[in-house]
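Here the structure comes first, spelled out in structure tokens, and everything after it is commentary.
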Amino acid sequence: MDDVQDDVQIVKKRKGYGQWTQEESKALLEIMVDAANRGWRDNSGVFTKQIVEDRILPALNAKLGCNKTYNHYYSRLKWFKGRWIAYSTLLKFNSGFGYDSISKKFTAPNEVWDDYLKAHPKDKSLRDGVSDDYEDLQIAVGGGVAIGKNSIGLGNATDARTLQASEVQDTCIDDLTYDLEEFEQNNSPLTGSPEVL
């Protein structure tokens, strides 16, 4: 049996496959969140192959001293999406679920958990486990928006209406309160700052 496993490992190495370490996965997700904050997704909300190859992977490879390719990225992206689907399925199951961003755990009364786990027995680890990647996955693959110091808030008074053509003429980029220079200097993984790389 060990010979078969050895042969599988040899084939995987020849094809360029490799296990993603926890550090590599965490670094990739961090870089993807930063790239999303920078608006590098296309109109459908995904990172194009060119963005991945030209910006995301070079940052990851430089940071970790590895040589990940687009195929590696795509494999990990599918894994990230699987985790995101499990999280979002949980939250959509019943209004009794929530997420505690301090403990990094999903919360619900015991009876809600019991009902959910009857329908989704493979998700037992979500009940007591830490899900510290939830918020990042929400941004990177869940179509969520950035939160925290690098986000652009609309504020409570904004009603998300669209501007009329006459209003657009009166709107100037200088009216935005977002400081691009501050964003570029925030020690993000894509700026190449020495603290991160």
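Taken together, the values in this text are just the output of simple stated rules run on the coordinates, not laboratory data. Because the structure is a prediction, the values reported are computed rather than measured. Ideal geometry is used to build each Cβ from the backbone, glycine not excepted, and the neighbour counts take in all protein chains shown.
Checked against a 29 Å cut-off, the cross-linked pairs LYS49/LYS104; LYS78/LYS104; LYS49/LYS124; LYS26/LYS92 give Cα-Cα distances beyond that limit for LYS49/LYS104; LYS49/LYS124. Taking amide hydrogens as placed 1.01 Å from N in the peptide plane, the amide H of TYR99 sits under 5 Å from those of THR107, each at least 5 positions away in sequence or on another chain. Quick check for me: using +1 on Lys/Arg Cβ and -1 on Asp/Glu Cβ, what's the dipole size of segment 20-149 about its Cα centre, in debye to the nearest 20? Here the size comes out at about 300 debye.
Rounded to 0.05, the FRET efficiency of the ASN71 and GLU111 pair, given R0 = 41 Å and the Cβ-Cβ distance, is 0.40. Couplings 3J(HN,Hα) for segment 37-50, derived from phi with the Karplus relation 6.51 cos²θ - 1.76 cosθ + 1.60 (θ = phi - 60°), are 4, 7, x, 8, 7, 7, 4, 8, x, 10, 7, 6, 4, 5 Hz, where x marks Gly and Pro. The Cα atoms of segment 20-149 cover 48, 28, 25 Å along the three principal axes, with the biggest extent listed first.
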